[in-house]
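Down below is the structure, laid out as structure tokens.
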Amino acid sequence: MTDAGGGPYIEDMTPGGEVAGTYGVAGKRLRSFRDPSRGRFLQLRLRDVTGSIAGLLWEGAEEVAESFSVGDVLRVRGQVEEYRGQKQLVLQSLDPSPAESVRPERFIPPSPRSLDEMERELWRRVEMVEDPHLSQLLLILFQEEETYSSFITAPAGKTVHHNYLHGLLEHSLEVVSILTREDCTDEMDTDLLITGGLLHDVGKIEEYFCRAAIGYTDEGRLLGHIVMGDAMLRKALRRVPDISRRRALHLRHLLLSHHGKQEYGSPVLPQTPEAVALHHADLYSGRVGQVRIVADGAAESGGDWSEFDPMLGRYVWVASEKEAGQADE
Ligand SMILES: [Fe+2]
Ligand SMILES: [Fe+2]
């Protein structure tokens, strides 16, 4: 894997090598030396998209420890050593990295789907919308450079589902695909379904930040993506003055009700066929994605079953077929 400008990736580090690069802080502890007169040293867990490594700073640890927190990105210099069979990085220096220089793809994996392919699909969906007002609304949002770049980059979750770069785009397209299956949309307003499907989680572009890890912004925690998405939608709707009151209301209702229940964060229950459909398509995409993440985690650790997942309230079985010759008796 190439270093993308941030120094070597952790999986490529070899004992004896010198390292200068940027890494996320996944853990941080000041520990006392055995000889208490030497004060304390800093023990870090540094990470990137390929893995994690222990980082140790022997000198000047107490002064520098104040200058950063877990979740920050550091620019470090050091040497890779091996200790008890594990690689570790003995640091000569470390500095907090300025926010604008952090490239989230160095720390957060991307969607398994190709971004190019998903962008093409997004524009195909936008072009399918025949209603001129909804079409205008989508163009207002997606032709605005910052909104578009955030929409195609953002994750759709921190841990639960589509929790990787471009996850929001992947999830939104999946919801639209489910909603536009021809055999079940006869009586539905397809333009509204596509627009609602694409925009239902648009607030997530401001709900999360991506640095060394995906985290919640203050607004995300305090307001949530439904309220934030509605504010973005209302702002964009003001630039479509000819849209009818009922149509604008219906679209806002789709966004506000998409979690389906008040205890899941929607202020209102879905009250039209399109809103019920969006809620179920969202649940389908989210829940299947959630089970897939748990199953993949279990498969990676070599098990047939996941640990009990408290969010799902169940164990998940790794259902993939075993290789030939390994079939169960
Ligand atoms: Fe949502
Ligand atoms: Fe969603």
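Under 8 Å for C-alpha pairs, at least 6 residues apart: give me the relative contact order for the chain, rounded to a whole percent.
On the way: 574 pairs, mean separation 38.5, N = 329.
So the answer I get is 12 percent.
With θ set to phi - 60°, apply the Karplus curve 6.51 cos²θ - 1.76 cosθ + 1.60 along segment 259-269 and write out the HN-Hα couplings as whole Hz, x wherever there is a Gly or Pro.
Couplings: 7, x, 9, 5, 5, 9, x, 8, x, 9, 7 Hz.
For GLY17, what residues show an amide H to amide H distance below 5 Å, using hydrogens built from the backbone and excluding near sequence neighbours?
VAL80
Could you bin all the Cα-Cα distances of the chain into 10 Å bins starting at 0 and give me the percent of pairs in each, rounded to whole numbers?
For the chain, the pair-distance distribution reads 5, 21, 26, 22, 15, 8, 2, 0.
Around LYS28, which amide H atoms from residues at least 5 apart in sequence, or from another chain, sit under 5 Å from its own amide H, with H modelled in the peptide plane?
ARG45
Which lysines, on any chain, are close to LYS87 with Cα under 19 Å apart, when same-chain ones fewer than 8 places away are left out?
LYS28
Please identify, among ASP191, ASP48, ASP304, the residue showing maximal mean-square fluctuation in a Gaussian network model of the chain using a 10 angstrom Cα cutoff.
Comparing ASP191, ASP48, ASP304 in a Gaussian network model of the chain, the most mobile one is ASP304.
For segment 131-269, build the convex hull from the C-alpha positions and give me its volume per residue in Å³.
Working: hull volume 15.8 nm³, N = 139.
For segment 131-269, the hull spanned by Cα atoms encloses 114 Å³ per residue.
Taking the Cβ of each residue in CYS184, CYS210 as the centre, tally the other Cβ atoms inside 10 Å and list the residues starting with the fewest.
Going from least to most buried by this count: CYS184, CYS210.
Between GLY157, GLY85, GLY229, where does the largest GNM mean-square fluctuation fall for the chain, given springs only between Cα atoms within less than 10 Å?
In the Gaussian network model the winner is GLY85.
Can you spot the lysines whose alpha carbon is less than 24 Å from LYS204's alpha carbon? Ignore those fewer than 8 places along the same chain.
Cα-Cα hits under 24 Å: LYS158, LYS235, LYS261.
Sort out for me the Cα centre separation of segment 20-52 from segment 176-208, rounded to whole Å.
46 Å
Using a Gaussian network for the chain with springs between C-alpha atoms less than 10 Å apart, which of these wobbles most: ARG239, ARG247, ARG38?
Highest fluctuation among the options: ARG38.
Please arrange LEU169, LEU283 by how many other C-beta atoms lie within 10 Å of their C-beta, fewest to most. It would help to have the intermediate numbers written out before the result.
Working: LEU169 24, LEU283 16.
Ascending Cβ contact count within 10 Å gives the list LEU283, LEU169.
Return the sequence-ordered ³J(HN,Hα) values of segment 44-55 in whole Hz as given by the Karplus equation 6.51 cos²θ - 1.76 cosθ + 1.60 applied to θ = phi - 60°, using x for Gly and Pro.
10, 10, 9, 9, 9, 5, 9, x, 9, 8, 6, x
Could you let me know the centre-to-centre spacing of segment 273-315 and segment 113-145, using Cα atoms, in angstrom?
One Cα centre to the other: 28 Å.
Per DSSP H run of at least 4 residues, take -39500 (n - 2.57); add these up for the chain, divide by its residues and hand me the 222 nm value, nearest 500 deg cm²/dmol.
Result for the chain, helices only: -11500 deg cm²/dmol.
What are the residues whose amide H is under 5 Å from the amide H of VAL129, where those residues sit 5 or more places off or on another chain and H is modelled from the backbone?
Amide H to amide H, under 5 Å and 5 or more residues apart or across chains, VAL129 pairs with nothing.
For segment 28-135, what does the relative contact order come out to in percent, with C-alpha contacts under 8 Å and a separation of six or more?
19 percent
FYI, it's all coordinate maths here, none of it is from the lab. The model shown is predicted, which means the values in this text are computed figures rather than measured ones. Using ideal geometry, Cβ is built from the backbone for each residue, glycine included, and neighbour counts are taken over all protein chains shown.
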